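What follows is a set of notes on a single structure, which appears directly below.
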Amino acid sequence: MNLAYAASQGSEHGAEPNVGEVILHHVLDTNILDIRILGINLSITKHVIMMWIAAALLIFIFRFAFREQRLVPRGIANLFEAIVVFLRDEVILPNMGEAGKPYLPYLLTVFFFILFCNLLGLIPFAATATGNVSVTAALALMSLIMIQVGGIREYGLKHHLQNLIPHGIPTWLLPIMIPVEIMGQFTKPFALCIRLFANMTAGHIVILSFLSMIFILKSIAISPVSVFFALFISLLELFVAFLQAYIFTMLTALFIGMSIHPQH
């Protein structure tokens, strides 16, 4: 908020763009094409385009990698298969059991989509769609839907709702436990939303802050230090891109597994 205020103050007085303007320009979303239908904002923004690019790359790369049916995949197909097998055997099945197999396509799609969005944000002049809270909120909403679908599919609507309340608790505790458990169903996806958004935004702000030190101090002598730390954080962001996609997928699988196996 302080950065936004500083940026607005600089603009009002016609001053040179300050650090706040520079950083926020690279972090915030911008409209590319303004579209409004019946009062609904359907504008195409920079982050929307980055999501389209990520989806198109996913389709193209996977179709290219698996264009030939081989018993032993080679090249990029081998890499993707290793990732898929790891997620299946070490993340999804341990958290969901055999009942998690029908959810493999969804969870794998979530992982690779988030990963591609994260990696695209590391390219100069591009943008990180997952640094937009609206994008992470939509992903979290899909997770909330899948959590409920998992329980309803396994037990039916009535028994799924009954499973939300721990068995064996005294009746007089129900007025307290029911609101708490209902809130718990929403706090799980909320945590997914904020965690992904905050981690992907924070890294870019730190990198831009280090680079902005050159202009803040108005000295070229500080540039080696600024560039070194910015490069270090950029390499760390590469790791974070994979880590955040993994964490989002792992927690989604865990929450769906808790809905499918409430006794655990």
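The values are calculated or read from the model by the stated rules, or taken from the named source; none is laboratory data. Bear in mind the structure is a predicted one, so any value in this text is a computation, not a measurement. Here the Cβ is made from the backbone with ideal geometry for all residues, glycine too, and neighbour counts use every protein chain on show. Just so you know, the surface numbers come from the protein's heavy atoms only, side chains and all, with ligands and any DNA or RNA stripped out. Shrake-Rupley method; radii C 1.70, N 1.55, O 1.52, S 1.80 Å.
Structure data summary
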item	result
Shape call, region 22-147: gyration tensor on alpha carbons, a/c limit 1.5	prolate
Calculated [θ] (222 nm, deg cm²/dmol) that DSSP helices of n ≥ 4 give over the chain, each run adding -39,500 (n - 2.57)	-23500 deg cm²/dmol
Extended-chain gain in nm, criterion 0.36 nm per residue less alpha-carbon gap, R67 and A202	44.8 nm
Solvent exposure of the chain as accessible area per residue, Å², 1.4 Å probe	60 Å²
Longest DSSP-loop-exposure-free segment, trypsin sites (Lys or Arg not before Pro), the chain, at most 16 other Cβ within 10 Å	75-217
Residues whose placed amide H lies under 5 Å from that of I32, excluding near-sequence neighbours	I44, T45, K46
Spacing of the two label points (7 Å from each Cα toward its C-beta) at F60 and I178, in nm	5.4 nm
Linear extension gain, Y155 paired with E98, 0.36 nm per residue minus alpha-carbon span	19.0 nm
Whole-number D in µm²/s for region 114-215 (Stokes-Einstein; Kirkwood sum over Cα pairs; 20 °C, 1.002 mPa s)	131 µm²/s
Of the DSSP H helices in the chain, those whose Cα atoms cover at least 30 Å axially and whose Kyte score averages -0.5 or more	133-155, 174-217, 223-260
Accessible surface of the chain, 1.4 Å probe, proportion on carbon and sulfur as whole %	72 percent
Top of T201, T249, T187 by mean-square fluctuation, Gaussian network on the chain, Cα under 10 Å	T187
Leading residue at positive end of dipole, the chain (Cβ point charges), from F239, L87, I182	L87
